[in-house]
Amino acid sequence: MEAAVTTIVKELLDNLGVPYSDVSHSEMAGQHIFSIQTEAAPILIGGRGDTIYALDMLVKKIYEKKHPAAEGEEEPRFLVDVNDYQVKRIKDIQNKALMMAERARSFQYDVELTPMSAYERLIVHTTLQDQPNIKTESQGEGRGRRVVIKYSAQ
């Protein structure tokens, strides 16, 4: 998978005419990350990360088309990143979740986070899944869906 995704990313960047110095592979929390190093980061990241999410989705769709999963087999999970934008964002979400969990535990009350995307909520849930006296749940609908960190006396 590593070589195939790297090739797809490089071909896509070449076809877009976006200069890059490297496309590297790493792993973080069990997820494969393909990081593009480029001076043209603002073009690939876009406003509030909209372009990088689209780029990530496009690479995943191309990979799925070229390498269909066998029946019953899970699609490989990976993330396309630009100059560590996504990695920094994940770490920021994890740090915020841990800080808010500590607040919920210290004051023994529920803490409601701001609305987040499904992927961001997943990061919060997985970050806090093993925290003592803490439970998480998503509440709300659509764009207003958020994570509530609940104190649990157990």
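The values are calculated or read from the model by the stated rules, or taken from the named source; none is laboratory data. No experiment lies behind these values; they were computed from the predicted model shown. Backbone-built Cβ (ideal geometry, glycine too); neighbour counts: all protein chains shown.
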Hey, among the residues in segment 128-143 that are among the acidic types (Asp, Glu) and assigned to a loop (DSSP other than H, G, I, E, B), which one's farthest from residue 95 (Cα to Cα)?
-> 141
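For every residue, the table says whether it meets (1) in a loop (DSSP other than H, G, I, E, B); (2) assigned by TED's automatic domain parsing to the domain that holds residue 18.
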| site | (1), (2) |
| --- | --- |
| 55 | no, yes |
| 58 | no, yes |
| 61 | no, yes |
| 70 | yes, yes |
| 76 | yes, yes |
| 96 | no, no |
Count - residues of segment 98-114 that are over 16 Å from residue 139 (Cβ atoms) and either hydrophobic (A, V, I, L, M, F, W, C) or not in a helix (DSSP H, G or I) (or both) | 5
Subset of segment 35-71, residues acidic (Asp, Glu) and under 18 Å from residue 117 (Cβ atoms), comes to 50, 56
Which condition number in (1) without any contact (Cβ under 8 Å) to a residue 40 or more places away in the chain; (2) within 18 Å of residue 60 (Cβ to Cβ) is the one that residue 36 fails?
-> (1)
Only residues that are without any contact (Cβ under 8 Å) to a residue 12 or more places away in the chain and in contact with a Phe, Trp or Tyr (Cβ under 6 Å, 6 or more places away or on another chain): list them for segment 75-132, please.
-> none
